[in-house]
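Everything on this sheet refers to the single structure shown next.
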Amino acid sequence: MTEIDLNQLAAKSQKGDKTAYKALLLAITPRIVRFLRKSFSRDEVIEDVLQDILISLHRGLHTYQPDRDFLNWMYAIAKFRAIDQLRSRYRLKEKEVLTDTLDDHERKVTEEPDFSNEVRDALNKLPLKYREAIQLTKIDELSVKEAADRLKISESALKTRCSRGYRMLRKKLEQVIDEGI
Amino acid sequence: MRESKFIDDIVNDLQPRKAVQAPNKIFFIWTVTNFLFVFGAMYYSGSMRPGWIEDLVDKPQYLLELLLGVGISTLAGYFLFHHAIPGDKEAEEKRRFLPVLLLAVLTLSLTISLFSGTQDTSGHFRMNCIYQMLVFSIPPLLVLLYHLKRSAPLNLYYVGFLAGLAAIAPFATAMHIACSLDPKHILIWHLSPVLVVALATAAVTQFWMRWWK
């Protein structure tokens, strides 16, 4: 598929043409995967990052200018999201390495207090739709698909709710954790 | 398989969307409207400094300072609207010049304010100039933040800084017409709020505008 075709598909997608949108997403997915293989090696990580990128493209679709090159727009977002993911994975890894190097004594000293009650309280204070999303995926341990089916929403909508819910939860818990420490 | 299902879900979620305005068009509309608002607000909120029109003709330094102020405001708006949407190659290429340019312009403005020997420092301090600047810059700032919220900026600190700058710099420039030309007064009450507002907006934007998560 040429770049001009992609530009046209993107313009049609903005107008709500689902057939064009599906064709567009199917056409760009292999390109994004190829792009991601330069930075990530594991297939499951690539799949996760790919989904994040597709969601970001979906959310920002209205910012695509039909008279401009679609691929420039797409790669700008893909690159940004890939870097964002690399950063967060690197931070996570750093934290894990740090914890692994502590001996048992140090581990005991730095062991986190039990906040399970506080988490439950904070969760109960979230708006219903976010609480349900987190409850089903994290506490009831349903898969994203199962949870989405149960709530009768799309998987991407569920992920959005979870993501917003985590942010709200984090805000509520930060205060509790600060006080606890 | 999972990927295909995911794509189907996204496709089903598609709604018709109105594309954001082209950056050049919205930049033009913003610049004209904002400068009209700035001078309207300044005109109706108090008297202008007597003799400012003569100063434009007689003092090249004064004219230069005003042009610098207008330049900073305009450039901030230009880069802001171009960076509010991803993948603008033209703006990306020019972007590396922006920090240098802004730094140069700000340094020059500060130097002029601090070491000016030609300006009249005798008076016409506009009452509450800093409060006027801060209050008047709120509506344009809200408009810019709304635009950013609708757009998909990638570098939030950067566009936030530009939004703050584009909102308040025109008022700092207008205060050059309305208020005293005392260098210390300009530095403390006209220029430093510009930096404070720009930096504060950069910080706020980082938390409010994460559209991609």
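The values are calculated or read from the model by the stated rules, or taken from the named source; none is laboratory data. Please read all numbers here as calculations on a predicted model, not as lab measurements. Reconstructed Cβ throughout: ideal geometry from the backbone, glycine too, with neighbour counts over all protein chains shown.
Taking the stretch B:3-30, which residues are part of a helix (DSSP H, G or I) and either within 7 Å of chain A (Cβ to nearest Cβ) or in contact with a helix residue (DSSP H, G or I) (Cβ under 6 Å, 6 or more places away or on another chain) (or both)?
Looking only at the stretch B:3-30, we keep the residues that are part of a helix (DSSP H, G or I), and these are B:3-12, B:23-30.
Residues satisfying the conditions are B:Glu3, B:Phe6, B:Ile7, B:Asp9, B:Ile10, B:Val11, B:Asn12, B:Pro23, B:Ile26, B:Phe27, B:Trp30.
Just wondering, is there one or more residues in the stretch A:36-51 that are closer than 22 Å to B:Lys18 by Cβ and of a type in the set (Val, Ile, Thr)? Walk me through it before giving the result.
Step one: list which residues in the stretch A:36-51 are closer than 22 Å to B:Lys18 by Cβ, which gives none.
Scanning the stretch A:36-51, I find no residue that is closer than 22 Å to B:Lys18 by Cβ and of a type in the set (Val, Ile, Thr), so the answer is no.
Pick from A:Asn72, A:Asn7: which is polar (S, T, N, Q), at the interface with another protein chain (Cβ under 8 Å from one of its Cβ atoms) and touching a helix residue (DSSP H, G or I) at 6+ places or on another chain (Cβ under 7 Å)? Break it down stepwise before answering.
Values: A:Asn7 fails: at the interface with another protein chain (Cβ under 8 Å from one of its Cβ atoms).
It is A:Asn72.
Can you run down the residue pairs with Cβ atoms below 9 Å, 6 or more apart or on separate chains, where the first is in the stretch B:7-30 and under 23 Å from A:Ala157 (Cβ atoms) and the partner is of a type in the set (D, E, K, R) and part of a loop (DSSP other than H, G, I, E, B)?
From residues that are under 23 Å from A:Ala157 (Cβ atoms), the pairs are B:Leu14/A:Asp17; B:Pro16/A:Lys15; B:Pro16/A:Asp17; B:Arg17/A:Lys15.
Hey, among the residues in the stretch B:31-55 that are in a loop (DSSP other than H, G, I, E, B) and among the small types (Gly, Ala, Ser), which one's farthest from A:Asp67 (Cα to Cα)? Let's see the steps before the verdict.
Here is the first cut: in the stretch B:31-55, the residues in a loop (DSSP other than H, G, I, E, B) are B:45-51.
Narrowing further to those that are among the small types (Gly, Ala, Ser): B:45-47, B:51.
Details: B:Ser45: 43, B:Gly46: 46, B:Ser47: 47, B:Gly51: 49 Å.
Here the answer is B:Gly51.
Quick check on the stretch A:131-164: of everything there that is among the charged types (D, E, K, R), more than 14 Å from every other protein chain (Cβ to nearest Cβ) and out of contact with any helix residue (DSSP H, G or I) (no Cβ under 7 Å at 6 or more places or on another chain), which residue is surrounded by the most Cβ atoms within 10 Å (Cβ to Cβ)?
Keep residues of the stretch A:131-164 that are among the charged types (D, E, K, R), which gives A:131-132, A:138, A:140-141, A:145-146, A:149-150, A:152, A:155, A:159, A:161, A:164.
Filter once more, so that each one left must be more than 14 Å from every other protein chain (Cβ to nearest Cβ): A:131-132, A:138, A:140-141, A:150.
With out of contact with any helix residue (DSSP H, G or I) (no Cβ under 7 Å at 6 or more places or on another chain) added as a condition, the list becomes A:138, A:140-141.
Working: A:Lys138: 16, A:Asp140: 12, A:Glu141: 9.
Per the criteria, the residue is A:Lys138.
All but one of (1) modelled with pLDDT under 85; (2) buried (at least 19 other Cβ atoms within 10 Å of the Cβ) hold for B:Trp30, so report the exception by its number.
Checking B:Trp30 against (1) modelled with pLDDT under 85; (2) buried (at least 19 other Cβ atoms within 10 Å of the Cβ), the one that fails is (1).
Could you run through the stretch B:13-59 and say how many residues are within 17 Å of the chain's Cα centre (by Cα) and β-branched (Val, Ile, Thr)?
The total comes to 6.
To keep it simple, each residue is scored yes or no on (1) at pLDDT 80 or above; (2) of a type in the set (Val, Ile, Thr); (3) touching an Asp or Glu at 6+ places or on another chain (Cβ under 9 Å).
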position: B:Leu103; (1), (2), (3): no, no, no
position: B:Ser122; (1), (2), (3): no, no, yes
position: B:Asn128; (1), (2), (3): yes, no, no
position: B:Ile138; (1), (2), (3): yes, yes, no
position: B:Leu162; (1), (2), (3): yes, no, no
position: B:Pro170; (1), (2), (3): yes, no, no
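Answer yes or no: is there a residue in the stretch A:59-66 that is facing chain B (nearest Cβ under 10 Å), under 24 Å from A:Arg161 (Cα atoms) and small (Gly, Ala, Ser). Outline the logic, then answer.
So in the stretch A:59-66, the residues facing chain B (nearest Cβ under 10 Å) come out as A:59-66.
Next, only the ones that are under 24 Å from A:Arg161 (Cα atoms) stay: A:59-63.
Then drop every residue that is not small (Gly, Ala, Ser), which leaves A:60.
Within the stretch A:59-66, one or more residues are facing chain B (nearest Cβ under 10 Å), under 24 Å from A:Arg161 (Cα atoms) and small (Gly, Ala, Ser).
Considering B:Ile72, B:Ile10, which residue is within 19 Å of the chain's Cα centre (by Cα), surrounded by 13 or more Cβ atoms within 10 Å (Cβ to Cβ) and not hydroxyl-bearing (Ser, Thr, Tyr)?
Details: B:Ile10 fails: within 19 Å of the chain's Cα centre (by Cα).
Just one listed residue meets the conditions, B:Ile72.
Quick check on my filter: what residues within the stretch A:1-39 are surrounded by 13 or more Cβ atoms within 10 Å (Cβ to Cβ) and among the polar types (S, T, N, Q)?
A:Asn7, A:Gln8, A:Ser13, A:Gln14, A:Thr29, A:Ser39
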